[in-house]
Amino acid sequence: MANANTYRPQPIRLALIRALAKARPPSKPREIRDKAAHLILRHQPSGYLGLYVELGRGKRERLCDASSVIDSNSKLTLKQVKTEADRKRSQHADGRSFSAERHAERDTPTLTAYLNDTYGPWVVQNRRSGTNTLERLKSCFKDHFGKIKLTDITLAKLETWRTARQRKGVKAETINRDIAALRAAISRAVKLGIIKENPIADVEMSEVDRHRRVVRALTANEKKNLIDALAARDEQKRQERASANKWRHERRYEPLPTIGRFSDVLTPAVIVSLETGLRRGELFATEWPSIDFDNKNFRVEGATAKTFETREIPLNDFACKTLRDWWLQCGQPKGGYVFTLDGGRIVDNLKKSFSAVLEAAGVEYVNARGERVTWHSLRHTFGSLLGAANVDPTTLMRLMGHANLATTQRYLHTDEKRKREAVALLQTAN
């Protein structure tokens, strides 16, 4: 055991720390104060040696385990500890409260707790795609970060997660969307005062080719074939229903309801998408009061729009007649969703039935360039055909609900024409 004189005020040096580390621990906590460096070396009965900085009368802050500065495998030096002590004293003089930060750190929730108790309820209630966002966060990050605190989700840990996703073949665009969702969720925690700063605020997104088209528009001929295939599908289902009811009549069974112009929601939903360029979320969130048959207008409510701005889309005769026939077939409802399954909102994209009608129309699902046809292709078709018809950019931007002209630019075929005309000038110069 070190003698009582060892614990007198004196400069704290490496030799002193080594000596105490080898000595028998005291029966009660003892301290050595280095008044010049404002350091305190505390020796516990357990043998633990801790280095602290004295901030003021009765106030101190732990710096490190003193044994780490004499460990040959450690990169921490006593000089670095003293530099950190000076930094903390300066921060304390500027009003920083280390004790308050420790309390806040202890109260910091894990990602799972934060998503379940705070962010989840808020994002579902206040964001149009909140449910999908919450599901994305849980499925992507629960296994990696679910049990750690928000402040411990560092850039280094996020890079490890990104690398693992890339090795699984996940596309860069998808990874970027996942990270953006996590960053937004943690930023919300900063805004609520749950944590002081977002540890992944400076994360860099993966580079992607923003001009590479993944989802393609239909050609004018493919659009016609798709509408014809929808009509043929409805007619087939009407004939099947008539045949079934004939069979039931012969056996005196109760007949099934007859089918009107549309066999189900698919045909009117596809036609309206093609003729208005609505986003899928906007389409399936629309309620009947937003349809003005007299003035042939389709109002997209700001609460359902991606840009949160209400806009009106004029309905051409084909779209207006389709909607009116659908309204009559639905019983002339005064409210509720325009397109619904069993009275509830459609949350998917009718993928099974839509894929079948695309095949019947002879529309190639994936072309040679890897461009796919999805429900979003209906919106692209609207914009692409209007762009080919030389509709002015501002009108097209407003119809499609873009926030700026840069997004609309992809639909302006005149740009492609100008580029071709420009390179053709070289031929005339030769």
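The values are calculated or read from the model by the stated rules, or taken from the named source; none is laboratory data. A quick note: this is a predicted structure, and the numbers were derived from the prediction, not measured. Counting neighbours? That spans all protein chains shown, and the Cβs are built from the backbone with ideal geometry, glycine included. Protein only, heavy atoms only, side chains kept; ligands, DNA and RNA dropped before computing areas. Shrake-Rupley method; radii C 1.70, N 1.55, O 1.52, S 1.80 Å.
Among the residues making up segment 28-64, those that are out of contact with any Asp or Glu (no Cβ under 9 Å at 6 or more places or on another chain) and farther than 13 Å from TYR7 by Cα are ALA36, PRO45, SER46, GLY47, GLY56, ARG57, GLY58, LYS59, ARG62.
Hey, any hits in segment 240-257 for a residue that's open to solvent by 10 Å² or more (accessible area, probe 1.4 Å), over 24 Å from TYR337 (Cβ atoms) and touching a His at 6+ places or on another chain (Cβ under 9 Å)? Taking every residue of segment 240-257 in turn, at least one turns out to be open to solvent by 10 Å² or more (accessible area, probe 1.4 Å), over 24 Å from TYR337 (Cβ atoms) and touching a His at 6+ places or on another chain (Cβ under 9 Å). Please indicate, with yes or no, whether at least one residue in segment 181-198 is out of contact with any helix residue (DSSP H, G or I) (no Cβ under 6 Å at 6 or more places or on another chain), farther than 30 Å from THR110 by Cα, open to solvent by less than 70 Å² (accessible area, probe 1.4 Å) and in a loop (DSSP other than H, G, I, E, B). The answer is no; no qualifying residue exists. If you scan segment 325-349, which residues turn out to be under 28 Å from the mean Cα position of the chain (by Cα) and at pLDDT below 85? Once the filter is applied, which keeps residues that are under 28 Å from the mean Cα position of the chain (by Cα) and at pLDDT below 85, segment 325-349 yields LEU341, GLY344, ARG345, ILE346, VAL347, ASP348, ASN349. For first residues located in segment 388-408 and under 21 Å from GLU282 (Cα atoms) and open to solvent by less than 70 Å² (accessible area, probe 1.4 Å), partners that are assigned to a loop (DSSP other than H, G, I, E, B) and of a type in the set (Asp, Glu) and lie 6+ apart or on another chain with Cβ distances below 8 Å form the pairs GLY401/GLU309. Taking every residue in segment 283-304 that is more than 17 Å from PHE339 (Cβ to Cβ) and pairing it with any residue that is in a helix (DSSP H, G or I), at least 6 positions away or on another chain, the pairs with Cβ-Cβ distances below 7 Å are LYS296/CYS320.
Condition (residue is open to solvent by 50 Å² or more (accessible area, probe 1.4 Å), at pLDDT 80 or above and assigned to a helix (DSSP H, G or I)) applied to segment 95-114: is it met by at least one residue? No. Say whether the condition of being of a type in the set (S, T, N, Q) and either more than 27 Å from ALA232 (Cβ to Cβ) or assigned to a helix (DSSP H, G or I) (or both) is met by at least one residue in segment 260-269. Looking for residues that are of a type in the set (S, T, N, Q) and either more than 27 Å from ALA232 (Cβ to Cβ) or assigned to a helix (DSSP H, G or I) (or both), one finds at least one in segment 260-269, hence yes. Counting only residues that are of a type in the set (S, T, N, Q) and modelled with pLDDT under 85, segment 184-220 holds 1 of them. The residue of segment 321-354 that is farthest from ASN132 (Cα to Cα), among those that are in contact (Cβ under 8 Å) with a residue 12 or more places away in the chain and among the small types (Gly, Ala, Ser), is GLY335. Does THR286 satisfy the criteria of being open to solvent by less than 40 Å² (accessible area, probe 1.4 Å) and in contact with a strand residue (DSSP E or B) (Cβ under 6 Å, 6 or more places away or on another chain)? Against the criterion (open to solvent by less than 40 Å² (accessible area, probe 1.4 Å) and in contact with a strand residue (DSSP E or B) (Cβ under 6 Å, 6 or more places away or on another chain)), THR286 does not qualify. Residues in segment 30-60 that are more than 17 Å from ARG13 (Cα to Cα), crowded, with 16+ Cβ neighbours inside 10 Å and of a type outside the set (D, E, K, R): LEU55 only.
The residue that is surrounded by the most Cβ atoms within 10 Å (Cβ to Cβ), counting only those in segment 122-138 that are without any contact (Cβ under 8 Å) to a residue 12 or more places away in the chain and over 12 Å from the mean Cα position of the chain (by Cα), is VAL124.
Restricting attention to segment 307-318, does a residue exist that is under 26 Å from the mean Cα position of the chain (by Cα), of a type in the set (Val, Ile, Thr), under 30 Å from ALA356 (Cβ atoms) and crowded, with 20+ Cβ neighbours inside 10 Å? Within segment 307-318 (the criterion being under 26 Å from the mean Cα position of the chain (by Cα), of a type in the set (Val, Ile, Thr), under 30 Å from ALA356 (Cβ atoms) and crowded, with 20+ Cβ neighbours inside 10 Å), the answer is no, since none of the residues qualifies. If the condition is being assigned to a loop (DSSP other than H, G, I, E, B), in contact (Cβ under 8 Å) with a residue 40 or more places away in the chain, within 25 Å of ARG410 (Cβ to Cβ) and over 29 Å from the mean Cα position of the chain (by Cα), then segment 355-387 contributes ALA361, VAL363. Scanning segment 153-174 for residues that are under 22 Å from ILE195 (Cα atoms) and out of contact with any Phe, Trp or Tyr (no Cβ under 8 Å at 6 or more places or on another chain), we see that the one that is surrounded by the fewest Cβ atoms within 10 Å (Cβ to Cβ) is ALA156. Within segment 218-233, is there a residue that is touching a helix residue (DSSP H, G or I) at 6+ places or on another chain (Cβ under 7 Å) and either in a loop (DSSP other than H, G, I, E, B) or closer than 27 Å to GLY130 by Cα (or both)? Yes, the conditions are met somewhere in segment 218-233. Got at least one residue in segment 334-352 being open to solvent by 80 Å² or more (accessible area, probe 1.4 Å), part of a helix (DSSP H, G or I) and closer than 29 Å to ARG372 by Cα? Scanning segment 334-352 turns up at least one residue that is open to solvent by 80 Å² or more (accessible area, probe 1.4 Å), part of a helix (DSSP H, G or I) and closer than 29 Å to ARG372 by Cα.
Return a yes/no flag: does segment 219-241 have any residue that is among the basic types (Lys, Arg), touching a Phe, Trp or Tyr at 6+ places or on another chain (Cβ under 8 Å) and in contact (Cβ under 8 Å) with a residue 24 or more places away in the chain. Among the residues of segment 219-241, not one is among the basic types (Lys, Arg), touching a Phe, Trp or Tyr at 6+ places or on another chain (Cβ under 8 Å) and in contact (Cβ under 8 Å) with a residue 24 or more places away in the chain, which makes the answer no.
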